[in-house]
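Below you'll find the structure, written out as C-alpha cells, and then a few comments.
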Amino acid sequence: QVQLVESGGGLVQPGGSLRLSCAASGFTFSLNAMSWYRQAPGKERELVATISSTGGSRDYADSVKGRFTISRDNVKNTVYLQMNSLKADDTAVYYCKRMYPGYWGQGTQVTVSS
C-alpha cells in the first residue's frame, strides 16, 4: 500500500534551518510529482513547494522563495524540504503529498520559536 512518512521536524530558533524528509513506498515514486504543504493552527492547508517527477521543475509559494528548497532522490524514494532562515510564521505541521492521485503523509511538526 502507499505510504508517505515524514521526518525531520522539531523546534528551531528563528533564523535556523531544518531539513524535512518524506520516504515513499508502495508506488513508482520516480513517475510522480510530489509536494510539501503546511497547515498552521487556525489556518487552511497551503502549498509550499512542488517538484516534478524528474526533479527538473520546481515551484514555490512566494512566502518561502529564496529560503526553502525542494529536492528528491529517485533512488532512495525520498523527497526533501530544506528550510533556511526560518521565521515564526513558518510554524506549522508540514505534510508530504503525492500529487496524482492525491495521497497525504501524516505530517511533521515544525516550530520556530526562541
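The values are calculated or read from the model by the stated rules, or taken from the named source; none is laboratory data. Fair warning: this is a prediction, and the values are worked out from it, not measured in the lab. As a convention, Cβ positions derive from the backbone with ideal geometry for all residues, glycine included, and neighbour counts pool all protein chains shown. The protein model used for the area step is the full one, side chains on, heavy atoms only, and it has no ligands, DNA or RNA in it. Shrake-Rupley method; radii C 1.70, N 1.55, O 1.52, S 1.80 Å.
Looking only at region 1-23, filter to residues that are part of a strand (DSSP E or B) and among the β-branched types (Val, Ile, Thr); which one of those is surrounded by the most Cβ atoms within 10 Å (Cβ to Cβ)? Explain how you work it out, then say what you get.
Of all residues in region 1-23, those part of a strand (DSSP E or B) come to 3-7, 10-12, 18-23.
Among the residues that remain, those that are also among the β-branched types (Val, Ile, Thr) are: 5, 12.
Values: 5: 14, 12: 18.
Step by step, filter region 1-23, then rank; the result is 12.
For residue 69, state whether it is of a type outside the set (Lys, Arg) and part of a strand (DSSP E or B).
So residue 69 passes the test.
Give just the number: which of (1) on the phi < 0 side of the Ramachandran plot; (2) in contact (Cβ under 8 Å) with a residue 24 or more places away in the chain does residue 59 not satisfy?
Result: residue 59 passes all but (2).
Output the number of residues of region 96-114 satisfying the condition of being modelled with pLDDT of 95 or more, open to solvent by less than 60 Å² (accessible area, probe 1.4 Å) and either among the β-branched types (Val, Ile, Thr) or not in a strand (DSSP E or B) (or both).
Count: 7.
Kindly indicate whether any position in region 32-53 is without any contact (Cβ under 8 Å) to a residue 24 or more places away in the chain and assigned to a strand (DSSP E or B).
yes
State all residues of region 69-89 that are among the hydrophobic types (A, V, I, L, M, F, W, C), open to solvent by 60 Å² or more (accessible area, probe 1.4 Å) and under 18 Å from residue 22 (Cα atoms); if no residue qualifies, say none.
Listed by number, the list holds a single entry, 75.
Name every residue in region 72-95 that is more than 17 Å from residue 57 (Cα to Cα) and in a strand (DSSP E or B), in order of residue number.
Listed by number, the residues that qualify are 83, 92, 93, 94, 95.
Of all residues in region 24-68, which are of a type in the set (Lys, Arg), surrounded by fewer than 13 Cβ atoms within 10 Å (Cβ to Cβ) and more than 14 Å from residue 91 (Cα to Cα)?
65
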